[in-house]
Structure formats: structure tokens, C-alpha cells
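The values are calculated or read from the model by the stated rules, or taken from the named source; none is laboratory data. On a predicted model such as this, the values are computed, not experimentally measured, just so you know. Counting neighbours? That spans all protein chains shown, and the Cβs are built from the backbone with ideal geometry, glycine included. Remember, those area values only see protein heavy atoms, side chains included, never the ligands or the DNA or RNA. Shrake-Rupley method; radii C 1.70, N 1.55, O 1.52, S 1.80 Å.
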Amino acid sequence: MKLHIDVDGRHDTRYNRPTLSSKVRKVLFTASVFAGTCLLLISKFDHPESYSAFSHPQTIAEFQKCSIKTFLDTGLPFLSSASPLPISEFVSRRNSLAKALLQDGMDAFIVEPGYTFKYYANISQPDWEVWEPEERPFLMIVQPINSSTGEITARTRFLAPSFEVERARLLGMPFEEVVEFIPWEEHWNPYSTLLQNWGTSSPSRAHTISNPKVMVDDEIRDFIPRGLSLSGFNVAGLEGEVEKVKQTKTPREVELVRAVNTGTVEAVRAMRKCMYPGLTENEVMNVLDDTLRAAGLEPFFDIVLFDEDASNPHGGTDGSKVLEAETFVLIDVGAHLHGYSSDICRTFFPPFFPEPSSLSCLSPAIKEKLAVWDIVIEAQTQSMHALKSGNTAASVDIAARDVIEKAGYGDAFTHRVGHGIGIKAHESPYLNKGNVNVTLRAGMTFTSEPGVYLVGKFGVRHEDILLVKEEGEPEILTGRRATGPWDP
């Protein structure tokens, strides 16, 4: 600091050490207090055992016991509306299918054991063949029948190997009448056998149609429609009104989707409360699976990813990454309940990294995680606003994508925003920005799961299940959404 002094009329310039003013001392004192507070907070984040509010397990066995107990202590209220479907539900579905077939100008719908077969007859592929899908076709054929009163109902028959007919009968499929079978011997052509028996005992048709128009499910193995075509059937792929039947959920279906998805979210929340430092991704996955099973939910996939492992949306690493205080945990998990699927995702901090009273002390890396978390939840909010009857499937994706792109992370949102869900976790319609020709209808159920994935850093995804309503905003079928990375 330079001082200018007049000495005997002469101008003298000298250097002098400055003194601290009271204002400067005050600033320094405030800064030192701020720094000390931050150091205290950081030390507590580094040593979570100093937080007496958190009493965490220290072994895997304790972790699992804590997780299951915390989940069961909720009372599992989500199960109150969930019950197996009655036979009448399946009868109604097949009759709706019959009406749709007539609207689409089709003579029948043909499907083999799988998700769609389960939808109409409650038999999955493993129910029929626990070993592997085999080459002998076992097919369900649903035909529309017009009664004398004008009522349209479904006639359902099964094409089965002769030696398997009794086993198929013992499956106990949901029918009010005696189940009809068309048996075929091993040395016969099964598709020609079906054509030869097409009109047999039909209450409305006493003759065989020369080239029946049949629609096949989109998951049917290729050799079956080829065999049908070569035997004289006119085969079409799944589309039109027939496809819409399974897309539109009945009230009973909605309650099952609600129950299994709400329960899956609550299991994640319960498990989170028991997490402790040093857990691996695989250990968290195993305990979460057992927690779900404790309530009667059967997990069928479970993706647990920490920090940079989550920059690949569906993982791919070996599950050995270790949980630390500032780890961002991404869990995407699905389970089954009475044949219906959950598919939810949450991104959060572990419980031994407590939410700070002030964000100013946090590191830039933590601040970036929080910023991205907020961007993704806003993207999900905007997708929900677009998920309305009459809007296109594309509009939902675009609404979420606009938020993320405007925030500067457009290239890091690498997948569609969602998909239909029901018996199968991934069903049509699919919510991507190119799906401009599909219109949303009341009764459809979807995931909304926007995400941002930063390679070498972390990934964030929020996924909830939504029901399209006749009017207004969609209904949330996962209980409630996440409100923050400390309250997923």
C-alpha cells in the first residue's frame, strides 16, 4: 500500500504495512466460522458412525433382517386391493378379443404360451414347458361367434399334441365351459389338422373356410406363422383393435399394477434405511430381492448400480463396487404379483450421508448430482403433464426430453421415456419421440422413466407407473413419487 506524505513541502512516497480494519476482521472471522462448520459437516460425512441418529447393521445378515423387518412393519397396505383374478375376468377378455377380431376383419387370433396366452388363459410359457420352449406347437385359437341375439362371444379351442391333451386339460385354465381340444398326432401336420377342423362343431359355421384370416401375437415363434401360411391360412401380425385389448387395463388389472408397483417402491425405501458403508451392488441386490419375497412379491430383475456404474442405464459391470457416503445409488427393479409386473427406479444417497442444512458446504461433485437429480424429476413431471388421453405417445417423450435438452444434458438422455406395463413389464405402446401415430387412451398404464447418464461420473433415473385417465392428469400407481435424493 502506497502512502503519499508532504515533508517540508516535498512530496514523499513511502511503503507502509496496512492495518486490518474492523470490517476486514469481521469478514475473516465469518469466513473462519464458515470453514469450520464445513469441516465439521465433512468430517461427519466421512465418519457416519458419529451420527447417533443412524443405527445401521454391520453384517449382511443384520442388513437383511433390518430390511425385511422395516418392510413388514409398514403393514403392507398396498396388498389390500390385490387378489387373483376370477374366471369371469378371463371370459370378459376373450369376449372383448372376439369383438376386436370382427372389427379388424379377422376370423381368429392364434397365440402360443407366453405373456399374451397368460393374459387370455392364465398360462405362461414356463407353466406349459418348464424345461424349454419345444418344437411341438400348443396353440390357443380364439374365434368370434355371433349369436342369434347379436351378441358376440369368443369360441376358444386348443391345438395340442395328442399325448399332451390330458396334461393341458389339467392346467385348470379359466373357462366356464368344457375346454375344447384339437389333437394332432406326431406324424401329422398340426397346421393342416387345424384347418381341417376349422368349422367342426361350430355353432355358427358348418363348413371349413378355405383361407381363414388369422392374426398372430407379436411374440409367437416364426416357424408357427410360416407353418400356418404354408397350410392355407392368411396370416397377419398383431395390430388394430386386437392389439388395443391388452393395452387397455380393466379396474382389476389397475389394482394389481398399483399393488405390485407400490410394494416394490416401498421395499426399496425400507431397504435403503438399513444400508451401511462397504456394501457391494450385488449384496444390496440380494437383500432387496429377499425383502420383496417377504411380502409375496417375486423379483424377476434387479439392477443395482453405484455412481459411474450407473452411467450405463442397465449396468453391465460385475456388481462389486462398494457403497460409500457420497455414492449415488440407482436401483431399477421389477417383481411379479398375481401375474402382474412392477418396473420402478429410484436414485438416492445412502442414509449414512445425511441431508445437510446448507448446500453451500457441499463439494462440486455432490452439487452436480443434486442438480441433475432435480432436472430429471422435472423432466418426469413434464412427461406426466403430457400423458393425457388424446395425446400421442411421442408427445410424452418430447415433453421430458425438452427439459433435459434445455438443461444442457440432451445427449445424456439415451433412451425413450417409457413403455406400457401390465402382465409384461415392457408392453406396447412405447413412449418414444417417433411414435407419432399412437394415441393415448384412458385405461392405458405406462412407465415414465427419464434419465441422465454421465460417463465416468454417475447416472440418474426416476421411474414411476402412471394410469391414463379420461380427463386430466394421470394417476400415479406407485404410491408417491420421490421428493429428493434423501427421500426416494
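Of the residues making up the range 152-176, those that are out of contact with any strand residue (DSSP E or B) (no Cβ under 9 Å at 6 or more places or on another chain) and charged (D, E, K, R) number 2.
Can you name the condition, by its number, that GLY150 falls short on among (1) out of contact with any Pro (no Cβ under 8 Å at 6 or more places or on another chain); (2) at negative phi? Answer for GLY150: the failing condition is (2). Taking the criterion of being under 13 Å from PHE348 (Cβ atoms), among the hydrophobic types (A, V, I, L, M, F, W, C) and in a strand (DSSP E or B), the residues of the range 450-488 that qualify are PHE458, VAL460.
Check whether at least one residue in the range 361-380 is over 17 Å from the mean Cα position of the chain (by Cα), farther than 22 Å from ASP487 by Cα and in the same structural domain as PHE300 (by the TED database), and report yes or no. No, the range 361-380 contains no residue that is over 17 Å from the mean Cα position of the chain (by Cα), farther than 22 Å from ASP487 by Cα and in the same structural domain as PHE300 (by the TED database). In the set PHE181, PHE138, only one residue is among the aromatic types (Phe, Trp, Tyr), modelled with pLDDT of 95 or more and open to solvent by 20 Å² or more (accessible area, probe 1.4 Å); that residue is PHE181.
Taking the criterion of being open to solvent by less than 10 Å² (accessible area, probe 1.4 Å) and among the β-branched types (Val, Ile, Thr), the residues of the range 443-488 that qualify are THR445, THR447, VAL452, VAL460, ILE465, VAL468, THR478.
Could you go through the range 400-423 and let me know if any residue there is assigned to a strand (DSSP E or B), in contact with a helix residue (DSSP H, G or I) (Cβ under 9 Å, 6 or more places away or on another chain) and either open to solvent by 10 Å² or more (accessible area, probe 1.4 Å) or within 27 Å of ARG269 (Cα to Cα) (or both).
yes
Being within 19 Å of SER96 (Cα to Cα) and buried (at least 16 other Cβ atoms within 10 Å of the Cβ) is a description that does not apply to LYS213. For LEU97, the conditions (1) surrounded by fewer than 14 Cβ atoms within 10 Å (Cβ to Cβ); (2) closer than 28 Å to PRO212 by Cβ are fulfilled apart from (1). For the range 430-442, name all the residues that are open to solvent by 10 Å² or more (accessible area, probe 1.4 Å) and either assigned to a loop (DSSP other than H, G, I, E, B) or touching a residue at least 40 places away in the same chain (Cβ under 8 Å) (or both). If the condition is that a residue be open to solvent by 10 Å² or more (accessible area, probe 1.4 Å) and either assigned to a loop (DSSP other than H, G, I, E, B) or touching a residue at least 40 places away in the same chain (Cβ under 8 Å) (or both), then ASN432, LYS433, GLY434, ASN435, VAL436, ASN437, VAL438, THR439, ARG441, ALA442 are the ones that fit.
Does any residue of the range 99-111 turn out to be part of a loop (DSSP other than H, G, I, E, B), of a type in the set (D, E, K, R) and over 30 Å from the mean Cα position of the chain (by Cα)?
The answer is yes, given that some residue of the range 99-111 is part of a loop (DSSP other than H, G, I, E, B), of a type in the set (D, E, K, R) and over 30 Å from the mean Cα position of the chain (by Cα).
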